[in-house]
């Protein structure tokens, strides 16, 4: 079921099973995104869970949001930045792609043919990207967000996101070929 269908069911029917499915579909990606800011699993998980609680509490208005994924990513980013501001001993951490990168693999015969060695080479190549390139690459290629959505989430221009993605792809191509 699509995310928009789930949102409609949550808003109109106050459907808990639709909310649980929305949570299941988006929690992992939002958690990884929060973890990339905080570098600490506990507060990242707490922030994402708090945001989902707020979605449920405001379920009658959630359908008014044009793109729930962009809204959730921006909300997670802002909550992480607020958390970091309130925690003087912590600083923004660089995304550790080897830990934060979560593969959403479908059972696909082509995917099953990729060896563990090739996956390790790919992870190493992605890990060698500059931090902003890594984050943008992950959001576009792993999370399936458009460049325009990533730009809105990160507060960047569309051209910056396109340029960073092009840099990432060019560097990966030079490393892998």
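The values are calculated or read from the model by the stated rules, or taken from the named source; none is laboratory data. Because the structure is predicted, anything quoted here is derived from the model rather than measured. Cβ sites come from the backbone with ideal geometry, for glycine too, and all protein chains shown count toward neighbours.
So here's what we get for this one:
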quantity: Options 7, 12, 51, 47; residue that is within 28 Å of residue 123 (Cα to Cα), part of a helix (DSSP H, G or I), at pLDDT 85 or above and in contact with a helix residue (DSSP H, G or I) (Cβ under 9 Å, 6 or more places away or on another chain); calculated: 47
quantity: Complete set of residues in the range 1-39 that are in contact (Cβ under 8 Å) with a residue 24 or more places away in the chain and farther than 22 Å from residue 139 by Cβ; calculated: 8, 10, 11, 12, 14, 19
quantity: Number of the exception - residue 84 against (1) more than 26 Å from residue 41 (Cβ to Cβ); (2) buried (at least 16 other Cβ atoms within 10 Å of the Cβ); (3) modelled with pLDDT under 85; calculated: (1)
quantity: Test: residue in the range 110-128 that is at pLDDT 80 or above and not in a helix (DSSP H, G or I); calculated: yes
quantity: Some residue of the range 59-67 being part of a helix (DSSP H, G or I) and surrounded by fewer than 16 Cβ atoms within 10 Å (Cβ to Cβ); calculated: yes
quantity: Residue in the range 35-44 that is surrounded by the most Cβ atoms within 10 Å (Cβ to Cβ), counting only those that are part of a helix (DSSP H, G or I) and modelled with pLDDT under 90; calculated: 36
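Yes or no, residue by residue, for (1) farther than 18 Å from residue 35 by Cβ; (2) part of a helix (DSSP H, G or I); (3) in the same structural domain as residue 26 (by TED's automatic domain parsing):
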{"residue": "139", "(1), (2), (3)": "no, yes, no"}
{"residue": "145", "(1), (2), (3)": "no, no, no"}
{"residue": "148", "(1), (2), (3)": "yes, yes, no"}
{"residue": "161", "(1), (2), (3)": "yes, yes, no"}
{"residue": "169", "(1), (2), (3)": "yes, yes, no"}
